[in-house]
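Every number in this text was worked out from the coordinates using simple rules, so none of it is lab data. All values reported here derive from a predicted model rather than from experimental measurement. Because the Cβ atoms are built from the backbone with ideal geometry, glycine has one as well, and the counts that use them run over all protein chains shown.
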Amino acid sequence: MPSRLASLEPPPPCAECQARVPGIRWGDLCPECRARLARRAGPWARGISLLAALGVVWYAFATMRLNPGTRVWIGAIAIATYLLVRRIVTQIAIEVLRGKSSP
């Protein structure tokens with residue numbers, strides 16, 4: 001149960017820029033800092049996820065017999081690999097960049 005004085009307490013500061021933004025918890029980043037880090041992580045995430053998707057396609061074409069149904073599944077798996085790897089790499093890159101920018 002939140003305290004009755006919770007509305008009187010100032011919001012916690014951003015872990016990077018020290019701006020007090022309502023709705024964040026202690027140690028979290030404000031939306032502006034998180035967006036800035038996501039923009040810096042974007043090129044890394046795009047490149048690595050593209051390489052991973054191309055690797056999946058190359059492996060599938062090199063090892064499987066191809067018919068039209070198989071090609072559709074390979075395309076779907078390549079797209080899923082791209083999206084999943086991009087999400088993972090973005091999160092990892094944000095954490096790495098966050099650690100580098102902290103004193």
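Quick look at the values:
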| read-out | value |
| --- | --- |
| Dipole-positive endmost among 81, 97, 31 within the chain (Cβ charges, Cα centre) | 81 |
| Max mean-square fluctuation residue, GNM over the chain, Cα-Cα springs under 10 Å, options 66, 51, 37 | 66 |
| Choice from 23, 75, 42 showing the highest fluctuation, given a GNM over the chain with Cα pairs closer than 10 Å | 23 |
| Shape call, segment 1-83: gyration tensor on alpha carbons, a/c limit 1.5 | prolate |
| Highest-fluctuation residue, 70, 90, 81 considered, GNM on the chain with Cα pairs under 10 Å | 70 |
| Reference-scaled alpha-carbon Rg (2.2 N^0.38 Å with N residues) for segment 38-101 | 1.36 |
